Amino acid sequence: MKNYKKMMGLALTGVLSLSLLTACGDKKADPTPTPEVENTTPVETTLKTVQEGKLTLSTNAEFPPYEMLDDSGKPIGIDMEVAEAIAKKLGLELVINDMGFDVALLAAQNGQSDIAMAGITVNEDRLAVMDFTDSYATGVQVVIVKEGSEVNMDNLGDYQIGTQLGTTGYIYASDTPENGGYGEDHVIGYESGAVAVQALVNGQVDAVIIDNLPAAEYVKANPGLTTLEGTWVEEDYAIGVQKGNTELLNAVNGALNELKADGTFQGIVDRYITAD
Ligand code: GLN
């Protein structure tokens, strides 16, 4: 999996150069006011969003503890609270739209949502079609198997692997063996991580590749499952916005970094991730 780590290095370089570009070459950041532009209102209220006065978030609330539904069907989780805090900083009201993972990314790409947050890994392909804030978390792809299973990190390619469609777990695992994957024949993409894990419980697949925090929740909820020792791939999560919308990207990134600096971000994480 070394090659993917290398790719992530590239991806991060992309994020950095993007912020540099943003800092030096953003037309919208031109301080010279045009005659039509009202220059007296604070920055946050002039931010153009999908719906005036609102920050529209697309997510896939099936990725605990980053996003999941509470008993009343309301999306909660780390990403949701961070988004809420970002919206507050920007003087906007957060609107959460829950949808499929792929669609949540597309919504931000197409400008139907302002931001996408769904434990989204920054990678080269996604950087080609959308912009990302600085990273706010590290994700580790791990492998879930049944207790006592013969499957291990080295022989995974001999078995059937379940993943969530559209996720990096699916993308990497279904890649060719030359690229560190196991080939499409060995990988089944399910509509959610939960369904992939159910397929493992039912014996339809021999392993599930998924991000570590949801993995821990699924293993806890399903006796007889365990996570293999070791890391399959390490990744960075960030907030996605429409490509080229540097004003929004800078605003969201600025708010995110303030939340990191003042401890709000860590406070949210600590409420969801407790050391057991
Ligand atoms: N981090 C993975 C990805 O971005 C999975 C995210 C998810 O399932 N919500 O593809």
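General observations
- Every test in (1) assigned to a helix (DSSP H, G or I); (2) under 27 Å from Thr46 (Cβ atoms); (3) not basic (Lys, Arg) is passed by Ile96 save one, and that test is (1).
- Here Thr231 fulfils each of the conditions (1) in a loop (DSSP other than H, G, I, E, B); (2) out of contact with any strand residue (DSSP E or B) (no Cβ under 8 Å at 6 or more places or on another chain); (3) within 15 Å of the ligand (Cβ to nearest atom) apart from (2).
- Enumeration of residues in segment 201-217 that are in a helix (DSSP H, G or I), within 12 Å of the ligand (Cβ to nearest atom) and either open to solvent by 10 Å² or more (accessible area, probe 1.4 Å) or among the charged types (D, E, K, R) (or both): Asn212, Leu213
- Of the residues contained in segment 56-68, one or more are found to be hydrophobic (A, V, I, L, M, F, W, C), in a loop (DSSP other than H, G, I, E, B) and modelled with pLDDT of 95 or more.
- Hits in segment 185-200 - residues which are part of a helix (DSSP H, G or I) and either in contact (Cβ under 8 Å) with a residue 40 or more places away in the chain or buried (at least 20 other Cβ atoms within 10 Å of the Cβ) (or both): Gly193, Ala194, Ala196, Val197, Leu200
- Where a residue in segment 103-125 is farther than 20 Å from Gln141 by Cα and modelled with pLDDT of 95 or more and its partner, wherever it lies, is small (Gly, Ala, Ser) and in a loop (DSSP other than H, G, I, E, B), with Cβ under 8 Å and at least six apart: Ala104/Ser113; Ala104/Ala118; Ala107/Ser113
- Matching residues, segment 108-148, being outside any loop (DSSP other than H, G, I, E, B), more than 13 Å from the ligand (Cβ to nearest atom), farther than 17 Å from Leu165 by Cα and open to solvent by less than 10 Å² (accessible area, probe 1.4 Å): Ile115, Asp131, Val145
The values are calculated or read from the model by the stated rules, or taken from the named source; none is laboratory data. Every value quoted in this text rests on a predicted model; they were computed, and no experiment measured them. All Cβ positions, glycine included, derive from the backbone under ideal geometry; neighbour counts span all protein chains shown. Just the protein is used for accessible areas: all its heavy atoms, side chains included, with ligands, DNA and RNA removed. Shrake-Rupley method; radii C 1.70, N 1.55, O 1.52, S 1.80 Å.
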